[in-house]
Amino acid sequence: MGESKNRQVVISQKKKKSSGRGLMIAFPIVLVLLIGLLVVLNQKSEQAGQDAVQSALTSLSLEGQPILGSADAKISVVEFGDYKCPACKDWEETVFPKLVADYVDTGKVKFSFMQFPFLGEDSFTSAYASEVISTNYPDAFWTFHEEIYKQQGNERTLWATPDKLAEIAALAVPDLDQEAFKKQLGEQQYIQQAEKDKSIGAKADVQGTPSVFVNGKQFMGNYQDYDGLKRLIEQELAAAGQ
Ligand code: CA
């Protein structure tokens, strides 16, 4: 290192005359490189801007919500969903398993689901059923959640009847009193819980389902774009020093 530094000094002394011209040549090159760097940085920040927008809520409280994964995880991912929504079923069966394997099972992310029923009667009845299960049988919640998507009916039909929901719930809770469960579907407590979830979503500017939030930032990419969602999660992990 020391030797080459000395040599540089010697050369610059020898070429004193030409150094002015060297600078003239170097200056436009540096300028072009700088402009190039700015363009790249700008594209990167634009890309990050497309990935996510900060919701009106700085964070989404998970209080009283079902949580999958370690409660200590610094990053939270929340899905607002509607059990009648075919895109939610698709997300559940394609993106969700990857998210669980990469981030939930590794302790980096805690995942929660909030109700955003809006498509029709089935949306509401199944949201109430989901609240009954998450409140009374929290250990069975994710099994129920998976099962209801698995058995989702055609969007144009009325499929989430109390009988069907009780049948699905009994798969998650084998000793379920199905008659009592069907009565609970009409109870105010669960209706209000579902409405509360939806109003939180509305405040966070949820426009459709599935809507996914990472630490309160809404993922704006296509719902099937797992790589985009990953980028957002990685940004949050880096910001949390992980
Ligand atoms: Ca809820």
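The values are calculated or read from the model by the stated rules, or taken from the named source; none is laboratory data. Note that the structure is a prediction, hence the values are computed from the model and not measured. Please note: Cβ atoms are built from the backbone with ideal geometry, for glycine as well, and neighbour counts cover all protein chains shown.
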Note down all Cβ pairs under 9 Å where the first residue falls in the range 180-199 and is near the ligand (Cβ under 10 Å from one of its atoms), the second is of a type in the set (Ser, Thr, Tyr), and they're at least six residues apart or on different chains. Tyr190/Tyr128; Tyr190/Ser130; Tyr190/Thr135; Gln193/Tyr128; Gln193/Ser134; Gln193/Thr135; Ala194/Tyr128; Ala194/Ser130
Give the number of residues within the range 103-120 that are hydrophobic (A, V, I, L, M, F, W, C) and in a helix (DSSP H, G or I). 1
Within the range 65-96, which residues are of a type in the set (Gly, Ala, Ser), at pLDDT 95 or above and outside any helix (DSSP H, G or I)? Gly69, Ser70, Ala73, Ser76, Gly81
Here are the criteria: (1) more than 16 Å from the ligand (Cβ to nearest atom); (2) part of a loop (DSSP other than H, G, I, E, B); (3) among the β-branched types (Val, Ile, Thr). Tell me which single one Thr209 does not satisfy. (1)
Residue check: is Gly216 modelled with pLDDT under 95, more than 15 Å from the ligand (Cβ to nearest atom), surrounded by 15 or more Cβ atoms within 10 Å (Cβ to Cβ) and at positive phi? yes
Residue among Leu99, Leu62 that alone is in a loop (DSSP other than H, G, I, E, B) and either away from the ligand (no atom under 16 Å from the Cβ) or closer than 21 Å to Ile148 by Cβ (or both): Leu62
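Every residue, every condition in (1) in a helix (DSSP H, G or I); (2) within 14 Å of the ligand (Cβ to nearest atom); (3) more than 25 Å from the chain's Cα centre (by Cα), yes or no:
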{"position": "Asp122", "(1), (2), (3)": "yes, no, no"}
{"position": "Glu131", "(1), (2), (3)": "yes, yes, no"}
{"position": "Thr135", "(1), (2), (3)": "yes, yes, no"}
{"position": "Gln152", "(1), (2), (3)": "no, no, no"}
{"position": "Ala166", "(1), (2), (3)": "yes, no, yes"}
{"position": "Pro174", "(1), (2), (3)": "no, no, yes"}
Could you list all residues from the range 105-118 that are free of Cβ contacts under 8 Å to residues at least 60 places away in the same chain and either over 12 Å from the mean Cα position of the chain (by Cα) or within 12 Å of the ligand (Cβ to nearest atom) (or both)? Asp105, Thr106, Gly107, Ser112, Phe113
